[in-house]
2 protein chains.
Amino acid sequence: MNQIQKITADASLSWPVTAALRALAIDAVEAAKSGHPGAPMGMAEMAAVLWRQHLRHDPADPKWPDRDRFVLSNGHASMLVYALLHLTGYDLPMSEIKRFRQLHSKTAGHPEVGVTVGVETTTGPLGQGFANAVGMAIAEKTLAAQFNRPGHTIVDHRTFVFLGDGCLMEGISHEAASLAGRLKLGKLVALYDDNGISIDGKVEEWFADDTPARFEAYGWNVVRNVDGHHPGAIDAAISASLQTGKPSLICCKTVIGRGAPTKQGTENSHGAPLGPEEAAQAKAAFGWSHPPFEVPADVYAMWDQRARGAGLHADWTARFEAYRQAFPELAAEFERRVAGDLPKSFTEAAARAVTEAKAAGNVASRKAGQVVLSAFAPDFPELLGGSADLTHSNLTNFKGTLPITRDEAGNTILFGVREFGMSAIANGIALHGGFIPFVATFLVFSDYARNAIRMSALMGQRVVYVFTHDSIALGEDGPTHQPVEHVESLRLIPNLDVWRPADAVETAYAWRAALARRDGPTAIILSRQTLPAQPRDAATETAIANGGYVLSEPATAPAAVLVATGSEVALAVAARDLLAAANVPVRVVSIPCREAFERLAPADQAKVIDRAVPHVAVEAGATRGWRALVGFAGEVVGLDRFGESGPEKDLLAHFGFTPQRVADTVKTVLSR
Amino acid sequence: MNQIQKITADASLSWPVTAALRALAIDAVEAAKSGHPGAPMGMAEMAAVLWRQHLRHDPADPKWPDRDRFVLSNGHASMLVYALLHLTGYDLPMSEIKRFRQLHSKTAGHPEVGVTVGVETTTGPLGQGFANAVGMAIAEKTLAAQFNRPGHTIVDHRTFVFLGDGCLMEGISHEAASLAGRLKLGKLVALYDDNGISIDGKVEEWFADDTPARFEAYGWNVVRNVDGHHPGAIDAAISASLQTGKPSLICCKTVIGRGAPTKQGTENSHGAPLGPEEAAQAKAAFGWSHPPFEVPADVYAMWDQRARGAGLHADWTARFEAYRQAFPELAAEFERRVAGDLPKSFTEAAARAVTEAKAAGNVASRKAGQVVLSAFAPDFPELLGGSADLTHSNLTNFKGTLPITRDEAGNTILFGVREFGMSAIANGIALHGGFIPFVATFLVFSDYARNAIRMSALMGQRVVYVFTHDSIALGEDGPTHQPVEHVESLRLIPNLDVWRPADAVETAYAWRAALARRDGPTAIILSRQTLPAQPRDAATETAIANGGYVLSEPATAPAAVLVATGSEVALAVAARDLLAAANVPVRVVSIPCREAFERLAPADQAKVIDRAVPHVAVEAGATRGWRALVGFAGEVVGLDRFGESGPEKDLLAHFGFTPQRVADTVKTVLSR
């Protein structure tokens, strides 16, 4: 108790500004009968200082492009951000605070971007909000370098992030902090809610890092031992941090559940309502005598940021208009970029990509991806991405690749071996706006990034994932590097489009779809090995965009349909030829994107998939998902076990990815 | 070049001991026309010093329980470990070295446990080998505390791990190192191959951490600036490190590809053969004039560790026999534990678990999991595990829970918020032997650990994953915490058994199967919410072990079959009652483990699944996988979109998990 008493002695618990935050957090959690009161109560002073004295934002326009970004990485403290938004004047009325955690309220259990105005990212999965914030700071710095001109600073905002012990234990905090330090993100300020408590109790038993020393090792500015309940100390730390040219970690010593007489300082205030008695005593302790969900007008006045925000916004608007006068084309481009609109030349760029893909001929689809990216890149200065230390394997570099470490107006991030951090950073870049982020690694290591991919999909962000080396055909690197379950597993993530192109032209269509998609991420799955270019007439080529189409139709009515994706399309075509020689006419269907195909009207799907005849699906991976398409009458040629180390050809023969086996499977199905 | 010259000046490049390692790495990669020569060439001195002067091992018995463990976390350097095993006298003949990376050789592209004698863990996915090593060191320390007695030290070995820049960039290195520091794993020594190069080039552009300072912040002993090509310096650093009582990081400054005249010190030596000319020049540089794959007898003699190993092993055997004399029961128990055999009382323990489960009645399956674990625990001192900071939510504590931080002979690890590290540590514990590790988190955060789960399955390790809060029914925490795709996605991982029990008794069978399984991991998927106990006769109960069984059969021939898992079994039962009232007789099938069910003979499956009538599957998650079972004629009641935040009952109604909807779906299917 001594530490708690010492800290609380430094600031008045009865300050109405923080009392209002704590009271709303208590009231909402009590009403919901669920939630997390401890963290909002512990971070009240941090929040009050930041949102009233530093954060440049306009409650009337939560989308103002030059606003400061705020991320609550310890998202379970959601009531903190809802209270802040409500009190500072955002369109989040008390009626929504009262509906905390109810179905279809604007006050979900964890903050969700798109659900609540002013929420910049969806948080809850620990550590990812912090990485999102790093992404936002990268986006700000890069956008500033691309658009600011001498005397015209139109991009100049900061990113603030609150995080807790849980975020700092997660590995992703290492990946994101290490890269942020290297990139010297001086406008990134993290405030660490150092309360010494996580769900299992006092963290010292499992988390004894010297966190300040750790962050200094990353090249961060660290402010140690800040009394997290002392507004002046927090204010001074923030002001000083913004002057260092480094990302900053402000270590705020706090008491979780501060103000709750028996539960403060313990995990008992973390994840459940305080209960009526403790709630009442807490309010008494900080001198809050108002009924639940009532805030007096004078306290609202202390919090209201609308006038300040309008002023900041108006200043910026004036500066932006001067910029527009001086650089009308740049200003228009800035507005396009921030709106996320496609360039006007998109159609031409896409056509060029297809042309280049055709010229590339028989290439690995990873190589086709590079050709296509090179074709799009001149028209897409908003592309900002790179690889997790596999640039020359993923082939995500292109003519014009310029790392932001060499020129801050660049378009490439050398992410290092940090798949999860990379992907969550990409989410932050997408959320910030002005960019289309793309990231790359081997498909098997999509596992490392999986929850960030899910978060891209949940948040509906346009992030392009490039996953190469997509099957056992990668060869000698063996089962640790050979995806088996991954393509199907990615398809299970709602709102993620998964493209596995069969050749260079399909790769061009995949990238086109990924760039054009505004409401979610796309994974583009590419081969290490060469894939032959498939012949197509114009109508067939156009049909690629449907996600599934008839690649080849026999002269007579098909006896069966072969369905394949990616590298197995060529296998299906070879099997078709064997079957044709045996007088078995088969249709070959390519389904580069099952999600897109399944969005077609049933009648259009039926032009491709004909349930009157049996189907055999071929994909060098898990078979389960295709059985829905082939039914009991059909069959799947796939792989439901781990691969092995060996040369590609030996592996394909060993695991039965041969034209003969596919042809034999069709014959077997037809003989049933 | 100055740094390289300085380093190489300190040790003779022509030392035959290291020349042999480098020559074999070059030869094998050249012959395979694929592989990674740079890392083995860079770590040759580190390896020579460790394996010849420190590592206590017996090439004649790679399973000797008290051997030191060696982990090559940068697994792409696989030729290093193959050369070491071959030269020191393991059963890995030159014929296998010549078959490096060929199908079914014992020298796979990355080291694979079970494929190559003496390989302790499968590595390649960066960072995980390091975490495995932390797990091995935890296992050693705990096993020693449980079995050693005054004057009788039968468990006393060290864990050595080589790792590179890539491992240290990965987030999992943070999680594992932080926990290792807290646990003061003084017998863990990591040798860092600090060559400044990763695949994209010089790491300084994306990885500028002060790694020594970072590890000191974790409480590690760090030896800085060791010349990684100076045998004496390496030797001294290892010796000193083992005396500190802390885990140690020895930072070895090395030159990747050392000896290759034009490629050393660059990423060009990393992932491709040197080429004949560079290979010849390299061999000339270190004075190796022998034909490919030839090692002179005198060099073999320098390497041979068989006599030394036999001596160490014999010493231990003598000590163990003395221990057996003094503590015969403990010695027998030690042998059982190390062999991984089940306790003799297993059948009784399992029966007790079922009895306790029945007594628990209507409880959440996470609560049932706790009841069952409590029932098994007294008979399973080999259980060693815990939760990623969600102990009181996952309910993985039990009577007798004793954290190893409080008593090193304990059985519980407080993992902190480190899902990936936790899971890879569990793999290390399982690989070490003597324990059955179990780990727990919310199901949605299995994403964070996904590649470690895959590695459990690939390595065939008995790791029990407890994943609770298994559907949208967890309620208010919302879509970030609500699994949708996860159960189906886990089922896609080969060799992972996924149990989703419907009630307490099924939970007992799930744990029984997980404990009894010796060749792979099991995921046990548990609910947050209460699930009613299902009535069963004795035969029905026994059939749970099949993974799928008829829970209830109508009096007349069923018109349809309802298939469900977990919490949806009760829903199916309720729908059955509605349908019975409408004179539609349906069978209810529970499939707690689809993998086990699908291992049944087809005839046995057909007693449960009757394709003569339509099937409706019900699971509160992705529908795709069940469509294989229900075919075109059936239907799946599931969820292929993200959840929302709200109370459980509101969510279940909103998303259609109601008896009425299930019953209506059956009627729809029957009316087709």
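The values are calculated or read from the model by the stated rules, or taken from the named source; none is laboratory data. It should be emphasised that the depicted structure is a prediction, and the values quoted were computed from it without experimental measurement. For neighbour counting, all protein chains shown are included, and Cβ atoms are generated from backbone atoms with ideal geometry for every residue, glycine included. For accessibility, only protein heavy atoms count, side chains too; no ligands or nucleic acids. Shrake-Rupley method; radii C 1.70, N 1.55, O 1.52, S 1.80 Å.
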With x for Gly and Pro, the residue-by-residue ³J(HN,Hα) of region B:178-189, computed from phi through the Karplus equation 6.51 cos²θ - 1.76 cosθ + 1.60 at θ = phi - 60° and given in whole Hz, is 4, 5, 4, x, 4, 7, 6, 7, x, 9, 9, 10
Length-normalised contact order of region A:35-311 in % [C-alpha pairs under 8 Å, at least 6 apart]: 24
With the other protein chains left in place, how much accessible area per residue, in square angstrom, belongs to region B:28-75 at a 1.4 angstrom probe? 22
Report which residues of region B:491-520 become buried by 40 Å² or more of accessible surface when going from the isolated chain to the complete set of protein chains (1.4 Å probe; DNA, RNA and ligands ignored). B:Leu492, B:Pro494
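Quick one: putting +1 on the C-beta of Lys and Arg, -1 on the C-beta of Asp and Glu, what dipole do you get for the protein assembly as shown around its Cα centre, in Debye to the nearest 20?
Value, rounded to 20: 840 debye.
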Need one value for A:387-400: mean number of C-beta atoms belonging to other chains within 10 Å of its residues' C-beta atoms. 3
Accessible area (Å², 1.4 Å probe, nearest 10) - A:Lys202: 130
Inter-label distance for A:Arg599 and A:Ala326, nm, one decimal - labels placed 7 Å from Cα along Cα-to-Cβ: 4.1
Whole-Å semi-axes of region A:345-526's equivalent ellipsoid (Cα gyration tensor): 21, 20, 16
How many Cβ atoms of partner chains, on average, are near each residue of A:636-647 if near means within 10 Å of its Cβ? 5
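How would you classify region A:227-309 from its alpha-carbon gyration tensor, with a ≥ b ≥ c the square roots of the eigenvalues: rounded for a/c under 1.5, else prolate if a/b is greater than b/c, otherwise oblate?
oblate
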Cβ-defined net charge surrounding A:Thr107, 9 Å radius [Lys, Arg +1; Asp, Glu -1]: +3
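Taking square-rooted eigenvalues a ≥ b ≥ c of the alpha carbon gyration tensor, is region A:1-159 rounded, prolate or oblate, where a/c under 1.5 means rounded and, failing that, a/b exceeding b/c means prolate?
Prolate is the answer for region A:1-159, as a/c is 1.5 or above and a/b outweighs b/c.
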Any idea of the accessible area per residue across region A:249-363, 1.4 Å probe, to the nearest Å²? 48
Solvent-accessible area of A:Glu382, probe 1.4 Å, all protein chains present, reported in Å² to the nearest ten, please. 10
For region B:301-346, take N as its residue count and report Rg(C-alpha) divided by 2.2 N^0.38 Å. 1.58
Considering only protein heavy atoms and a probe of 1.4 Å, how much of the accessible area of the protein assembly as shown is carbon and sulfur, as a whole percent? 52
Neighbourhood net charge (14 Å Cβ-Cβ; Lys/Arg +1, Asp/Glu -1) for B:Ala326: 0
To the nearest µm²/s, what D does Stokes-Einstein give for region A:268-316 at 4 °C and 1.567 mPa s, using the Kirkwood radius over alpha carbon pairs as Rh? 94
Under a no-solvent Debye model with one identical scatterer per Cα of the protein assembly as shown, what's log10 I(q)/I(0) at q = 0.08 Å⁻¹? -0.98
Between the chain alone and the structure with every protein chain in place, find the residues of region B:438-468 that drop at least 30 Å² of accessible area; heavy atoms, 1.4 Å probe. B:Asp447, B:Tyr448, B:Arg450, B:Asn451, B:Arg454, B:Leu458
According to a simple spin-label model (label point 7 Å from Cα along Cα-to-Cβ), what is the distance in nm between B:Leu670 and A:Met94? 5.4
Taking H placed 1.01 Å from N in the peptide plane, check which residues at least 5 places from A:Val363 or on another chain put their amide H under 5 Å from its amide H. A:Ala504, A:Leu531, A:Ala533
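Work out, in µm²/s and without decimals, the Stokes-Einstein translational diffusion coefficient of region A:35-311 at 37 °C, 0.692 mPa s, Rh from Kirkwood over C-alpha pairs.
After rounding, the answer is 172 µm²/s.
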Kindly write out, for region B:333-344 in residue order, the coupling ³J(HN,Hα) from the Karplus curve 6.51 cos²θ - 1.76 cosθ + 1.60 (θ = phi - 60°), rounded to whole Hz, with x marking Gly and Pro. 5, 4, 5, 4, 4, 5, 6, x, 6, 6, x, 4
Estimated vicinal HN-Hα couplings, Hz - region B:76-92 in sequence order (Karplus 6.51, -1.76, 1.60; Gly, Pro = x): 5, 7, 4, 4, 4, 6, 5, 5, 4, 5, 4, 6, 7, x, 6, 7, 9
Return an integer: the convex hull volume of the alpha-carbon atoms of region B:323-407, in Å³ per residue. 115
Mind grabbing the accessible area of A:Arg52 for me, 1.4 Å probe, Å², rounded to tens? 60
For B:Val466, list long-range residues whose amide hydrogen, built 1.01 Å from N in the peptide plane, is under 5 Å from its own amide hydrogen. B:Val439, B:Ala440, B:Thr441, B:Ile524
To the nearest 20 Debye, how big is the dipole of region B:35-311 about its Cα centre, given +1 on the beta carbon of each Lys and Arg and -1 on that of each Asp and Glu? 720
Residue-averaged [θ]222 nm for the protein assembly as shown, counting only DSSP H segments that reach four residues, each worth -39500 (n - 2.57): -12500 deg cm²/dmol
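Stokes-Einstein at 10 °C, 1.306 mPa s, Kirkwood radius from Cα pairs: D for region A:453-611 in µm² s⁻¹? Walk me through the numbers before you get to the answer.
Details: Rh = 16.3 Å.
Calculated translational D: 97 µm²/s.
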Mind giving me the FRET efficiency for B:Arg518 and B:Ala580? R0 is 51 Å, r the Cβ-Cβ distance, nearest 0.05 is fine. 0.75
How big is region B:244-402 by Rg and Dmax over its Cα atoms, in Å? 27.8, 76
To the nearest 100 Å², how much accessible surface do chains A and B hide from each other in total, with a 1.4 Å probe? 8500
Compute the signed sum of charges (Lys and Arg +1, Asp and Glu -1) over the other residues within less than 12 Å, Cβ to Cβ, of A:Ala570. -3
To the nearest whole number, what is the average tally of beta carbon atoms from other chains within 10 Å of the beta carbons of peptide A:175-181? 4
Using C-alpha positions alone, give me the convex hull volume of region B:89-193 per residue in cubic angstrom. 126
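Going by average Cβ neighbours within 10 Å, how do the peptides B:125-132, B:91-98, A:442-449, B:657-664 rank, with the highest at the top?
B:125-132, A:442-449, B:657-664, B:91-98
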Cα extents of chain A along the three principal axes, largest first (Å): 89, 58, 46
Taking only pairs that are 8 or more places apart or on different chains, how many Lys pairs in region A:35-311 have Cα atoms under 23 angstrom apart? 16
From largest accessible area down, sort B:Ile453, A:Ile199; use a 1.4 Å probe on the protein chains. A:Ile199, B:Ile453
Kindly rank A:585-592, B:108-115, B:78-85 from highest to lowest mean number of other beta carbons found within 10 Å of each residue. B:78-85, A:585-592, B:108-115
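In Å², what does the accessible area per residue of region A:102-168 work out to with a 1.4 Å probe?
So region A:102-168 comes to 21 Å² accessible per residue, rounded to a whole number.
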